[in-house]
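Okay, structure first, notes after.
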Amino acid sequence: MKQIAGINDFVVKFANVNGTGSASANHLFAKSIFRMGIPVSPRNIFPSNIQGLPTWYEVRVSSKGYLGRRGGVDLMVCVNPQSMEKDVASVEPGGYFLFDNTKPLAPHLKRDDITYFGVPLTQMCMREYDTPRLQQLLKNVVYVGVLAALLDIEFPILKNLLNDQFKGKEKLISSNVHALEMGYQYATENFQCPLPIRLESGGNVAPHILESEHILMNGNTAVALGAIYGGATVAAWYPITPSTSVVDAFAKYAERMRIDPGTGKKNFAIVQAEDELAAIGMVIGAGWNGARAFTATSGPGLSLMSEFLGLAYFAELPAVLIDVQRSGPSTGMPTRSQQSDILAAAYASHGDTKHVLLFPATPRECFDMTVQAFDLAEQLQTPIIMMSDLDLGMNDWMSPPLEWDDDYQMQRGKVLDADGLEEAKDWGRYVDVDGDGICYRTLPGAHPDRGSYFTRGSSKNERAIYSESGDDYVQNVDRLVRKFETAKSYVPAPKTHPPIKVKKPKTKLNLGAVFFGTSASPAYEAVETLAEMGYGIDTMRIRAFPFHESLDQFIADHDRVFVIEQNRDGQMRQLIMNECQIAPSQLTSVLNYSGTPITARSIVRQILEALEAKSADVVSLHPETA
Amino acid sequence: MSYLKPKFRHPNLPTNALGYTVADYEGSISTLCAGCGHDSISSAIINACFQSSLEPHKIAKLSGIGCSSKMPTYFLGKSHGFNSVHGRMPSVATGASLANRGLTYIGISGDGDTASIGMGQFVHLIRRNVNMTYIVANNGCYGLTKGQDSATADLGSVSKYGAVNPFDGIDLASLAMLQGAGFVGRSFSGDKEQLEPLIRAAMSHQGFAFIDVVSPCVTFNNHQGSTKSYAETRENLDAMPLDFVPMREEITTQYDPGTTQGVTLHDGSVIHLHKASHEYRTNDRTAALNAVQMATQEGRILTGLLFLDPNSQNLNQNLNIASKPLNELGKNELCPGSRVLNSINEGLR
């Protein structure tokens, strides 16, 4: 049997039972690889449940720094008998299967093309620890010890991580270290260590990663920090997976950084609303009053917020909404990832509405774009919706460090204070003085007898006086279109990369690929793979809606453009077709909507199929990603 | 009717402590039906704010949707207003109050806007004790959509089309008391002697103040058989009069001993409650609920200040939010800077 081999390039997957403390042990494993300076991307694939159901944790190690999912599993660590049959089947031929052999493996689970490592995890822990809780928790740490031996993890790094995690709790540290050592020792005594797949600090790691000072963080935490740094003072929200940790993290940082030193009082307000309708209402009320306010939600919440989003669009009020997307529709799969709220967000609400969307692809962008979202909301006087997703929001990503420019000034947009109102001649709330569609607003309480007006969702004239005149209405909504055009020059431009040189091109077609958010990492990887196979593809990563003019040009410059995204209906493709007047035949969808993030292999396969390439060119595919 | 409001005012209109005349508190001309109870409420708000010498621009008025929610156009033209979406004014008011605790907030809603589509937000607004005055112009029907029963229509009340309402009406004042509101009043749009001081007291209260105002709909609910017509309301009114003396004014009126009860609000203002025919304790929530219930059973409408807890803690106080309005905080107070961010980065390696 030929075993899979390679340094710093493999996929490990853990099969656990949820609620048993496995995520923290698996995180220890991933973080130790990160501390070795090797690119790693962990993903928690978990059920919508508190305790007792199967849960997985996938760790990809990639010397080149590919952070998206590759597809397939090289080493399966299985401590959940419930899912063992499926887990055995999911291992690549030549791969490895580590399992708890306290009970012998059922004969039908024996494959002759993979290598088995049985470790009596339960038995060892029953022997060593006296309480059921410790027996359960430390079983996870024991297998990390086994992996340390099998994969060559530097043991002192693991110990340091435990020291960091349990700072000051010596008893916990020593019991965890003991469990690690127990696993390590068992592996060295019983198996040939290390495996042909293994880790090597420095090794073949891409130079740009070796030299950087990457951090490991999830997108939701980065969003929360962005809200702190962007000057958000009001957060109103309703708990919903996978966005909950945005406000949790905001609360944590605000309690540390936003307490007035003199009075001990809070320079922020967080309200857990009764529902999403109220959450966005509070945000809009606070924005009307001149505070930076935000909410975080997911698909079902976005639906509930639609009515208010229409009001804020039409009444021209700032609001920031973080949509951490999950699999819909309805409850869908609340703990699984998708990019499927694109159209719902872009056109949220009744009537003619369009909203500014931002598409972050990394935690660093989650931070930067959140700060920017608060500026944009006030500059454009409209809701800004940031389209994150579960994969980005809840998983740890290796990311360039967050940076802050201390010269940053909040962009508060066109707001007239008392002096401004004194100077302004003939002010009217909806008069387009500058011709960019953005008018001057005033805040309640600004001036004793100037600048007051009645904010409303009903039609009004330029002076904010109620009007049912067709002319007034048309003038107003046409100006909103003008404002949306202006927005194009305010929002982040797309990212393009110079085309990859292809040695022996297999096609004369000029190919392009467009993608956004978490589809970007596997898309870049797929494009590099395809270049090696003879297909050169130019790329454009969309970062905002309304679309930049260069998107039209990019599509016009290519014979065929693939739109890579994670939903069933090709929603970004539809949005492009609709907004850029593109013929459907020019855009080919590359999709994944299974709830687990799209893999590079799946993108390669779909593009090859679309190009009608020979099947021999197709990378071997795991059934899950096929 | 004319839609042009005359700009001419009597040159010697009396001024209040700030030098404003009552005209400084007026709004645009009303487009509601002639005789609508809501216009009397607008007028009571104008007089209340004038008499209490509130700065017009330091008041913010918010509403939902419906005839009631058009009202903010018709008073306080120098104040910012927000006509939000149906039933959701409470959330907008909550956010506004968190963003700027320095303004006085008046919410105007109706029985449809509060007791049906907005019930959820209304109850949570009370629960959070947002510092505002919340007035429901209660006419028991949907006016803008031509007279359907609302959820506050009384059991047995007959609609304009002859249908008898088979459902129990929701009593918003009782609900507010049950949910812990610190200030609950009920009044009648036709009783400005009571309504004006009630609104002044509500605006002085440092927390959520609720006033349910029976405000007859002249077009759809003012006929025989309706329990919320002018005639029926006047007939069954059981009014408890009150006076309001703001903080800075001296108490000049003399009351016969034993006939009034004074309650001092947090800002130093005093409410004088005149005893009605029966004993009434404004500070006893259970007794207040009981009294309202008894009156309802007897077919009477008990109006006045039903319950008051002058010391309730409002939302900004409960959350321990800074005294300086959040919307006035700048970069220095809000942004921790690069040094802190670098240390956060360090913790993520």
Report summary line: With every protein chain kept in place and a 1.4 Å probe, the range A:495-617 has an accessible area per residue in Å² of 44 Å²
Report task. Restricting to the protein assembly as shown, compute how many DSSP beta bridges are antiparallel as a %, nearest 5. Result -> 35 percent
Report summary line: Rounded to the nearest Å, the spacing of the alpha-carbon centers of the range A:224-301 and the range A:305-323 is 16 Å
Query raised in the report: Mind checking how much accessible area A and B bury in total, 1.4 Å probe, in Å² rounded to 100?
Result: 5100 Å²
Report task. Show which aspartates and glutamates lie in cross-link reach of B:Lys324 when reach means a straight Cα distance below 13 angstrom and same-chain residues fewer than eight apart are skipped. Result -> A:Asp260, B:Glu333
Report task. Using θ = phi - 60° and the Karplus relation 6.51 cos²θ - 1.76 cosθ + 1.60, list the HN-Hα couplings for the range A:546-558 in order, rounded to whole Hz, with x at every Gly or Pro. Result -> x, 6, 5, 4, 5, 5, 4, 5, 4, 5, 5, 6, 10
Report summary line: Partner lysines whose C-alpha sits under 22 Å from that of A:Lys64, ignoring same-chain residues fewer than 8 away, are A:Lys13, A:Lys31, A:Lys495, A:Lys501, A:Lys503
Query raised in the report: So, with a 1.4 angstrom probe, what is the percent of accessible area on chain B that is carbon and sulfur?
Result: 52 percent
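Return the average number of partner chain Cβ atoms within 10 angstrom of each residue Cβ along peptide A:233-240.
Average neighbour count from other chains, rounded to a whole number: 3.
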Query raised in the report: If you count, for every residue in B:56-62, the Cβ atoms of partner chains within 10 Å of its Cβ, what is the mean?
Result: 5
Query raised in the report: Of A:Lys354/A:Lys414; A:Lys354/A:Lys488; A:Lys425/B:Lys58, which ones are farther than 18 Å apart at the Cα?
Result: A:Lys354/A:Lys414; A:Lys425/B:Lys58
**Report entry** List of the range B:329-349 residues, accessible area with partners at least 50 Å² below that of the chain alone (1.4 Å probe)
**Finding:** B:Lys331, B:Leu334, B:Cys335, B:Pro336, B:Ser338, B:Leu341, B:Ile344, B:Asn345, B:Leu348, B:Arg349
Report task. Whenever you get a sec, compute what percent of the accessible area on the range A:66-147 sits on carbon and sulfur atoms (1.4 Å probe). Result -> 58 percent
Query raised in the report: Can you give the net charge of the other residues whose Cβ lies under 10 Å from the Cβ of A:Ile438, counting K and R as +1 and D and E as -1?
Result: +1
**Report entry** Carbon/sulfur fraction of accessible area - the range A:19-64, other protein chains in place, 1.4 Å, %
**Finding:** 57 percent
Report summary line: Taking Cα atoms only, helix A:219-229 is inclined relative to the longest principal axis of chain A by an angle, in degrees rounded to 10, of 40 degrees
**Report entry** Three-way shape label, the range A:415-487, alpha-carbon gyration tensor, a/c 1.5
**Finding:** oblate
Report task. Would you mind checking which residues have amide H under 5 Å from A:Lys265's amide H? H placed 1.01 Å from N; only 5 or more apart, or other chain. Result -> A:Asp260
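Going by average Cβ density within 10 Å per residue, which order do the peptides B:111-124, A:552-565 take, highest to lowest?
Details: B:111-124: 23.9, A:552-565: 19.9.
Taking the mean over residues of other Cβ atoms within 10 Å, the ranking is B:111-124, A:552-565.
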Requested in this report: Round to a whole angstrom and tell me the spacing of the C-alpha centers of the range B:103-152 and the range A:462-526.
Outcome: 42 Å
Report task. Using only the alpha carbons, work out the radius of gyration and Dmax of chain B in angstrom. Result -> 21.4, 77
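What is the sum of charges, Lys and Arg at +1 and Asp and Glu at -1, for the other residues whose Cβ falls under 15 Å from the Cβ of A:Ile384?
Here the count lands on -1.
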**Report entry** Phi to ³J(HN,Hα) by Karplus 6.51 cos²θ - 1.76 cosθ + 1.60 over the range B:157-174, Hz, x for Gly, Pro
**Finding:** 5, 9, 7, 4, 8, x, 7, 8, 5, x, 10, 5, x, 7, 8, 5, 5, 5
Requested in this report: Report, by chain and number, residues whose modeled amide H sits under 5 Å from the one on B:Thr31, excluding near sequence neighbours (fewer than 5 apart, same chain).
Outcome: none
Requested in this report: Run down the aspartates and glutamates and flag those whose C-alpha is under 20 Å from the C-alpha of B:Lys160, throwing out any fewer than 8 positions away in its chain.
Outcome: B:Asp111, B:Asp149, B:Asp168, B:Glu232, B:Glu235
Query raised in the report: For A:Glu255, what is the net charge nearby, where nearby means another residue's Cβ is under 14 Å from its Cβ and Lys, Arg count +1, Asp, Glu -1?
Result: +3
Query - Per residue accessible area of the range A:6-212, 1.4 Å probe, in Å² - result: 41 Å²
Requested in this report: Report, largest value first, the span of the C-alpha coordinates of chain A along each principal axis, in whole Å.
Outcome: 86, 67, 42
Query raised in the report: Is the shape of the range A:217-399 rounded, prolate or oblate, going by the alpha carbon gyration tensor and its root eigenvalues a ≥ b ≥ c, with a/c under 1.5 for rounded and a/b larger than b/c for prolate?
Result: oblate
Report summary line: For the range A:261-274, Karplus-derived ³J(HN,Hα) couplings (6.51, -1.76, 1.60; θ = phi - 60°; whole Hz; x for glycine and proline) come out as x, x, 9, x, 8, 8, 8, 6, 9, 10, 10, 7, 6, 6
Requested in this report: Please average, across the residues of A:258-265, the number of beta carbons from any other chain that are within 10 Å of each residue's own beta carbon, and give a whole number.
Outcome: 4
Query raised in the report: Measuring from centroid to centroid over Cα atoms, what is the spacing of the range A:561-604 and the range A:192-217 in Å?
Result: 33 Å
**Report entry** Per residue solvent-accessible surface (Å²) - the range A:217-399, probe of 1.4 Å
**Finding:** 21 Å²
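The values are calculated or read from the model by the stated rules, or taken from the named source; none is laboratory data. None of the values given here were measured: they were computed from a predicted structure. Note that each Cβ is placed from the backbone with ideal geometry, even for glycine, and that neighbours are counted across all protein chains shown. Heavy atoms of the whole protein, side chains included, go into the accessibility calculation; ligands, DNA and RNA do not. Shrake-Rupley method; radii C 1.70, N 1.55, O 1.52, S 1.80 Å.
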